[in-house]
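Engineer: Input: one structure, supplied below.
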Amino acid sequence: MAIAGGIAAYKGAELVRLLKKQGADVRVILSRGAREFITPLTMQALSGEPVHTELLDESAEAGMGHIELARWADLLVIAPATADVIARLAHGRADDLMTTAALATAAPVAVAPAMNQQMWANAATQENLILLTQRGIQIIGPDQGEQACGDVGPGRLLEPAQILQALQSRFSSRQLDNKKVVITAGPTVEAIDPVRFLSNHSSGKMGYALARACAEAGAEVTLISGPVHLSPPDRVRLLSVTSAIEMHDASIQEADGADLFIGAAAVADFRVSNPAREKIKKNAQPDLTLTLVENPDVIAAVCQLARRPTLVVGFAAETSDLLSHAREKRVKKGLDLVIANDVSDPHTSFGSDQNAVHLIGALSEQHLALASKQVIAEKIVSILAERLSEPAAASS
Ligand code: CTP
């Protein structure tokens, strides 16, 4: 792991601690600039290894030289990476230990940028980033928000835990390699007039966590999402939709011939039959009556496709009689599996970061106890991958 000079260098120290906690062997390269912010001694204490600082340092080269260091790593992560480091990487420079190691390693390279928002927005930086991406270098972040210099905007180093999560995807299982997965997520929004709508409290977190877990397991993932405040996970194709009809049409097109379809969206059951073209004025009428018509059932339509996905998995978010409602929904919609969760429980209600679910199949049921939505998603994906690998078991 390499740390470049910047105020965010201290977060690099935290990332080393988190990587060690995950069981990784970490060797740290500190640039000259980074040493103005953080000492080699700190990094040595955190990594439990000697810290590498110079490209050509007799004593360091006698231990592990720069080429050996580059060969030793399974992954090189540069966090924080300044605009200058990104520029030097883009141009293949080898003028310090960090950039030389990046050139000399056969391991994947990941870069977590941190810089002033104007420097981030500069065309030179953006063009350099495109070059790095084209060469397969993973760009992690940056985050948005208040900066050390007082500016507000993109350029903050992501939190170490988020960088760790992105790095872990590099070492993910390949359980869903070559599988095509389509996931719906979030709410749908049904217009009343150009400024008002009907919708629900779905945050999209569970669907996005599933999309991330499927991508990390090697799947080709299409995420059909209603309006949410979440960024799509890496390597996931996002199709943004608004209404249930749009979600239906996108799902029918994308799910055709897919291996796995997961309906995690909270699709609005009804839409306004005739949304007003102009904003409805309250003075124009003392009462307002909206006529609602039923929306198509997206997941039931996916089950009717001629080239139905091998596994179709729905959700049942219930406030009472969780298991019996969920079992009924599985049969009524023709699903292979229903994932039932109790949204009346504050730990697992809409918008929560945690969930506890029951997986309900035709022949077996399984409970996954309260955990973060990401952990629950990973467990679900592992179970689904196992079922997909035994086609005869798809409906068990
Ligand atoms: N679903 C769907 N299209 C709809 C309604 C629901 O695809 N128009 C999917 C959801 O994505 C979920 C499952 O069906 O996977 C169950 O959703 P839920 O809202 O619990 O079921 P409903 O059929 O709407 O039943 P109810 O609202 O009466 O409980």
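Engineer: Please verify whether Ser324 is of a type in the set (S, T, N, Q), within 16 Å of the ligand (Cβ to nearest atom) and out of contact with any Gly (no Cβ under 9 Å at 6 or more places or on another chain), treating the condition exactly as stated.
Structural biologist: So Ser324 fits the description; yes.
Engineer: Give me the strands (runs of 3 or more DSSP E) completely within the range 291-396, filtered to those with at least 2 residues that are exposed (fewer than 14 other Cβ atoms within 10 Å of the Cβ) and touching a helix residue (DSSP H, G or I) at 6+ places or on another chain (Cβ under 7 Å), ordered by residue number.
Structural biologist: none
Engineer: Residue under question is Ser273, and the condition is that it be farther than 19 Å from Leu311 by Cα, among the small types (Gly, Ala, Ser) and touching a strand residue (DSSP E or B) at 6+ places or on another chain (Cβ under 9 Å); does it hold?
Structural biologist: yes
Engineer: Separate question: Would you be able to tell me the number of residues in the range 276-293 that are of a type in the set (Val, Ile, Thr) and in contact (Cβ under 8 Å) with a residue 24 or more places away in the chain?
Structural biologist: Number satisfying all stated conditions: 1.
Engineer: Residues in the range 243-266: is at least one of a type in the set (Val, Ile, Thr) and part of a loop (DSSP other than H, G, I, E, B)?
Structural biologist: Taking every residue of the range 243-266 in turn, none turns out to be of a type in the set (Val, Ile, Thr) and part of a loop (DSSP other than H, G, I, E, B).
Engineer: Pull up the range 247-273, narrow it to residues that are without any contact (Cβ under 8 Å) to a residue 40 or more places away in the chain and more than 10 Å from the ligand (Cβ to nearest atom), then point me to the one that is surrounded by the fewest Cβ atoms within 10 Å (Cβ to Cβ).
Structural biologist: Per the stated criteria, the residue is Ser273.
Engineer: Does Pro286 count as more than 30 Å from the chain's Cα centre (by Cα), more than 30 Å from Leu164 (Cβ to Cβ), modelled with pLDDT of 95 or more and in a loop (DSSP other than H, G, I, E, B)?
Structural biologist: no
Engineer: Something else: Against the definition (surrounded by fewer than 20 Cβ atoms within 10 Å (Cβ to Cβ), modelled with pLDDT under 95, in a helix (DSSP H, G or I) and not small (Gly, Ala, Ser)), how does Leu167 come out, yes or no?
Structural biologist: Criteria not met by Leu167.
Engineer: To continue, here is another question. Answer with yes or no whether Glu54 is within 25 Å of Ile38 (Cα to Cα) and without any contact (Cβ under 8 Å) to a residue 24 or more places away in the chain. Walk me through it before giving the result.
Structural biologist: Numbers: within 25 Å of Ile38 (Cα to Cα): yes; without any contact (Cβ under 8 Å) to a residue 24 or more places away in the chain: no.
No.
Engineer: Looking at the structure I just gave you, is Asn178 surrounded by 15 or more Cβ atoms within 10 Å (Cβ to Cβ) and assigned to a loop (DSSP other than H, G, I, E, B)? Spell out how you get there, then give the answer.
Structural biologist: Numbers: surrounded by 15 or more Cβ atoms within 10 Å (Cβ to Cβ): no; assigned to a loop (DSSP other than H, G, I, E, B): yes.
Judged against the criteria, Asn178 is not a match.
Engineer: Let me ask something additional. Only one of these conditions is not met by Lys329: (1) more than 10 Å from the ligand (Cβ to nearest atom); (2) without any contact (Cβ under 8 Å) to a residue 24 or more places away in the chain. Which number is it?
Structural biologist: Among (1) more than 10 Å from the ligand (Cβ to nearest atom); (2) without any contact (Cβ under 8 Å) to a residue 24 or more places away in the chain, Lys329 violates only (1).
Condition check ((1) within 30 Å of Gly136 (Cβ to Cβ); (2) assigned by TED's automatic domain parsing to the domain that holds Ile140; (3) more than 27 Å from the chain's Cα centre (by Cα)) across all residues:
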{"residue": "Glu216", "(1), (2), (3)": "yes, no, no"}
{"residue": "Glu220", "(1), (2), (3)": "yes, no, no"}
{"residue": "Pro233", "(1), (2), (3)": "yes, no, no"}
{"residue": "Asp249", "(1), (2), (3)": "no, no, no"}
{"residue": "Glu294", "(1), (2), (3)": "no, no, yes"}
{"residue": "Arg307", "(1), (2), (3)": "no, no, yes"}
{"residue": "Glu318", "(1), (2), (3)": "no, no, no"}
{"residue": "Leu322", "(1), (2), (3)": "no, no, yes"}
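The values are calculated or read from the model by the stated rules, or taken from the named source; none is laboratory data. For clarity, every value in this text was computed on a predicted model and none was experimentally measured. Methodologically, a virtual Cβ is constructed for each residue, glycine included, from the backbone with ideal geometry; neighbour enumeration extends over all protein chains shown.
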